[in-house]
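Chemist: This is the structure I want to talk about, given as structure tokens.
The values are calculated or read from the model by the stated rules, or taken from the named source; none is laboratory data. Since we're looking at a predicted model, the values are computed, not measured. No Cβ is skipped: glycine too gets one built from the backbone with ideal geometry, and neighbour counts run over all protein chains shown. In case anyone asks, the SASA skips ligands and DNA or RNA and just uses the protein heavy atoms, side chains included. Shrake-Rupley method; radii C 1.70, N 1.55, O 1.52, S 1.80 Å.
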Amino acid sequence: MNSLLKGINTLQINTTQISNTFCRGYAKLTPFQKLIKDEEKKLSVYKNVISVGLFKEYHKDLFESVDQELLKGSHQLPKTGYVIKTSFESREKATEFFKQAKDFTKKLSDQLKEKKKIEIEKEKKIEKETDIEEENKDEPKIEETKKKNKPLLNAFESRFSVNILLKTLEPVYKVTKEYIESLPRSNIDTSNAIIVDKVEEIENGVKLLLNGKSVDQITLDDGIVLGFDVEWAALEKYTTKSKKDPKVALVTLTNGSDTVLFRVCHTGLDENSELGKLLKSDIITKTGFGSGKDANKIAKDFGFTMDGVFDLKYSPKIRSAFQNRGIEYVVAGFFEVNIKRMSSLVLSGWATSQELKPNQIHSSALYTIYSLKTYFILPSLKVDTTFIDKKDPSLFLRKVF
């Protein structure tokens with residue numbers, strides 16, 4: 001973990017949620033949404049599509065510059081303006097074309113910038129010579145309008161783009177619902193999971209996760225990483241006809257050996273409590289699938305910002321390897337076990353005044369345990385992430401996996 005990342009805000013922006021909020025109240029799709037949906041539908045029949053933003057006069061040069069073997073079996077989609085999209089017969093060919101197209105556009109951009117620089121210098125020299133001639137003339141003449149610099153290079157010519165359309169990319173792990181259902185259920189024993197439903201028990205629950213230490217005693221050298229997940233009663237708003245969204249009811253954390261379920265629907269969640277400090281700590285990594293969205297939910301419900309969040313859904317390797325990045329799909333791909341929840345469990349009463357049911361405890365514990373296991377196998381996972389933008393603002397990664 002890099003101490004230079006201290007203090008980075010880790011909340012993920014759920015762009016889909018923002019879009020839905022912005023457009024709510026409309027019975028139909030907006031024209032822009034319909035355009036995107038229609039475009040995605042057209043592209044869905046193609047696989048491994050690379051999109052290159054490049055002016056038409058350079059299209060031929062691009063395709064001549066790459067290894068011609070890559071183009072065998074490829075298919076060019078209808079052009080839209082200066083964007084060309086090409087479908088490749090395999091993921092590997094698409095990835096290699098992506099790299100070579102990147103190299104081509106970078107070299108071309110550098111050449112055009114250098115050309116522009118030379119032309120600007122030439123124009124300045126001409127202007128200077130013209131000014132000297134005017135000063136040496138005996139009789140003053142009405143100053144002629146100077147010739148404006150001729151357009152040199154279009155401002156966009158040096159801003160070429162090469163992208164892979166991830167939705168069209170053949171996944172490394174081809175996980176389907178049918179495949180998940182064919183797998184055995186996980187045999188991990190979660191019977192030792194601890195339930196914390198009293199305020200006075202929170203401190204001990206946190207210390208159990210931190211190997212006997214309090215949050216204030218933890219340093220970067222401890223290298224603490226915890227599996228993280230939250231639950232709330234999704235149906236409560238509709239069953240009670242409440243206008244308020246239900247609050248987070250359960251925060252589950254694990255260090256791999258010990259798993260603790262904090263029932264914050266009973267204890268509350270104060271940012272100054274040991275649990276609040278743990279969630280806010282930037283030197284204790286909390287990792288899970290959709291943990292950015294969960295962190296946003298905690299901020300909304302309890303008024304403080306989490307830090308140290310690693311959202312596995314946005315890890316470049318997982319984005320590259322899976323089309324569906326839900327935890328049950330990734331776990332099926334990596335560990336060949338089925339941890340999928342029944343819909344009745346997903347929508348169950350997490351905020352109930354009664355004790356949690358065994359299947360609720362088991363499932364919550366499994367989600368955090370497998371999140372942690374996924375985090376630790378990512379460094380050794382050999383997946384090409386060349387086409388994933390590691391500067392994507394939606395990412396918060398202490399280490400880029």
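Chemist: Being open to solvent by 10 Å² or more (accessible area, probe 1.4 Å), under 26 Å from Glu355 (Cβ atoms) and not acidic (Asp, Glu) is the filter here, so list the residues in the range 265-288 that pass it. Working first, answer last.
Modeler: Initial filter on the range 265-288 (open to solvent by 10 Å² or more (accessible area, probe 1.4 Å)): 265-274, 277, 280-283.
Adding the requirement that they be under 26 Å from Glu355 (Cβ atoms) leaves 265-270, 273-274.
Listed by number, the residues that qualify are Cys265, His266, Thr267, Gly268, Leu269, Ser273.
Chemist: Mind listing whichever residues of the range 86-126 are of a type outside the set (Ser, Thr, Tyr) and open to solvent by less than 30 Å² (accessible area, probe 1.4 Å)? Show your work before the answer.
Modeler: Narrowing the range 86-126 to residues of a type outside the set (Ser, Thr, Tyr): 88-89, 91-94, 96-104, 106-108, 110-126.
The answer is Phe88, Arg91, Ala94, Phe97, Phe98, Ala101, Leu108, Leu112.
Chemist: Could you tell me whether Asp245 is within 19 Å of Trp232 (Cβ to Cβ), open to solvent by 20 Å² or more (accessible area, probe 1.4 Å) and either free of Cβ contacts under 8 Å to residues at least 12 places away in the same chain or charged (D, E, K, R) (or both)? Before the answer, list the steps.
Modeler: Numbers: within 19 Å of Trp232 (Cβ to Cβ): yes; open to solvent by 20 Å² or more (accessible area, probe 1.4 Å): yes; either free of Cβ contacts under 8 Å to residues at least 12 places away in the same chain or charged (D, E, K, R) (or both): yes.
Yes; evaluated as a whole, the condition is true for this residue.
Chemist: Of all the residues that make up the range 68-78, how many are closer than 15 Å to Lys99 by Cα and surrounded by fewer than 11 Cβ atoms within 10 Å (Cβ to Cβ)? Before the answer, list the steps.
Modeler: Step one: of the range 68-78, the residues closer than 15 Å to Lys99 by Cα are 68-71.
Of the ones still in play, those that are also surrounded by fewer than 11 Cβ atoms within 10 Å (Cβ to Cβ) are 68-69.
Within the range 68-78, residues that are closer than 15 Å to Lys99 by Cα and surrounded by fewer than 11 Cβ atoms within 10 Å (Cβ to Cβ) number 2.
Chemist: Taking the condition out of contact with any strand residue (DSSP E or B) (no Cβ under 8 Å at 6 or more places or on another chain), farther than 23 Å from Ala193 by Cα and either at pLDDT 95 or above or charged (D, E, K, R) (or both), does Lys297 pass?
Modeler: Numbers: out of contact with any strand residue (DSSP E or B) (no Cβ under 8 Å at 6 or more places or on another chain): no; farther than 23 Å from Ala193 by Cα: yes; either at pLDDT 95 or above or charged (D, E, K, R) (or both): yes.
Taking the combined requirement at face value, the residue does not satisfy it.
Chemist: If you check Gly212, Gly227, Gly223, which single one turns out to be open to solvent by less than 60 Å² (accessible area, probe 1.4 Å), within 26 Å of the chain's Cα centre (by Cα) and over 30 Å from Ser344 (Cα atoms)? Quick ask: steps written out before the conclusion?
Modeler: Working: Gly212 fails: within 26 Å of the chain's Cα centre (by Cα); Gly227 fails: over 30 Å from Ser344 (Cα atoms).
Step by step, each of Gly212, Gly227, Gly223 is checked, and only Gly223 is open to solvent by less than 60 Å² (accessible area, probe 1.4 Å), within 26 Å of the chain's Cα centre (by Cα) and over 30 Å from Ser344 (Cα atoms).
Chemist: Between a first residue in the range 57-71 that is closer than 17 Å to Lys106 by Cβ and assigned to a helix (DSSP H, G or I) and a second residue that is modelled with pLDDT of 90 or more and open to solvent by 70 Å² or more (accessible area, probe 1.4 Å), which pairs have beta carbons less than 9 Å apart while being 6 or more apart in sequence or on different chains?
Modeler: Every condition considered, the pairs that remain are Ser65/Asp103; Ser65/Lys107.
Chemist: Say whether the condition of being open to solvent by less than 10 Å² (accessible area, probe 1.4 Å) and under 27 Å from Asn48 (Cβ atoms) is met by at least one residue in the range 307-314. Spell out how you get there, then give the answer.
Modeler: Taking the range 307-314 and keeping what is open to solvent by less than 10 Å² (accessible area, probe 1.4 Å), we get 308-312.
Filter again for under 27 Å from Asn48 (Cβ atoms), leaving 311-312.
The answer is yes; a qualifying residue exists.
Chemist: Sticking with this structure for a sec: Looking at the range 333-382, which of its residues are more than 21 Å from Thr287 (Cα to Cα) and loosely packed, with under 14 Cβ neighbours inside 10 Å?
Modeler: Met342, Ser343, Ser344, Ser353, Gln354, Glu355, Lys357, Pro358, Asn359 - these are the residues of the range 333-382 that are more than 21 Å from Thr287 (Cα to Cα) and loosely packed, with under 14 Cβ neighbours inside 10 Å.
Chemist: Collect the residues in the range 285-310 that are under 16 Å from Ile224 (Cα atoms) and in contact with a helix residue (DSSP H, G or I) (Cβ under 6 Å, 6 or more places away or on another chain), keeping them in residue-number order. Before the answer, list the steps.
Modeler: To start, the set of residues in the range 285-310 that are under 16 Å from Ile224 (Cα atoms) comprises 285-288, 306-310.
Across the range 285-310, the qualifying residues are Thr287, Gly288, Met306, Asp307, Val309.
Chemist: Looking at this structure, is Ile283 touching a strand residue (DSSP E or B) at 6+ places or on another chain (Cβ under 7 Å) and of a type in the set (Val, Ile, Thr)? Give the steps one after another, and end with the answer.
Modeler: On the way: touching a strand residue (DSSP E or B) at 6+ places or on another chain (Cβ under 7 Å): no; of a type in the set (Val, Ile, Thr): yes.
So Ile283 does not fit the description; no.
Chemist: Please give the number of the condition Pro379 fails out of (1) more than 14 Å from Glu231 (Cβ to Cβ); (2) touching an Asp or Glu at 6+ places or on another chain (Cβ under 6 Å).
Modeler: (2)
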